[in-house]
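Encoded as structure tokens, the structure appears first; notes follow it.
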Amino acid sequence: MQLLLRLLLAFIFAICLAFGLGERPAAAELETVTFENENGQTVEAPDWSEISFSDFPAIQQSGNLQVGSGLGSELGYDPSRSWQ
């Protein structure tokens with residue numbers, strides 16, 4: 001469950017960066033954690049125990065994130081969000 005949550009947070013972080021919803025912190029400022037996924041691949045993701053959303057600038061435009069019901073079932077809630 002913790003792995004799934006970390007992957008979801010990494011996905012949200014990537015979406016925010018892809019759509020310009022925040023400025024990417026300098027590489028030296030971005031704390032990361034490395035772990036191995038179920039396929040044996042090494043994955044690097046933000047270390048959310050060291051990073052918070054308050055470390056990023058405010059979102060400058062409206063948007064949304066729609067997550068499929070399969071992930072919502074895994075998490076026990078629907079993580080889909082809209083913002084203005």
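Summary of values
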{"read-out": "Neighbour net charge for LEU65 - beta-carbon separation under 12 angstrom, K R +1, D E -1", "value": "0"}
{"read-out": "Net charge over other residues, Cβ less than 9 angstrom from the Cβ of VAL33 (K, R count +1; D, E count -1)", "value": "-3"}
{"read-out": "Amide hydrogen neighbours beyond the local backbone of VAL33, cut-off 5 Å, H modeled", "value": "ALA45, ASP47"}
{"read-out": "Viscosity 1.002 mPa s, temperature 20 °C, Stokes-Einstein D of the stretch 33-74 from Kirkwood C-alpha radius, µm²/s", "value": "156"}
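Every number in this text was worked out from the coordinates using simple rules, so none of it is lab data. Since we're looking at a predicted model, the values are computed, not measured. Backbone-built Cβ (ideal geometry, glycine too); neighbour counts: all protein chains shown.
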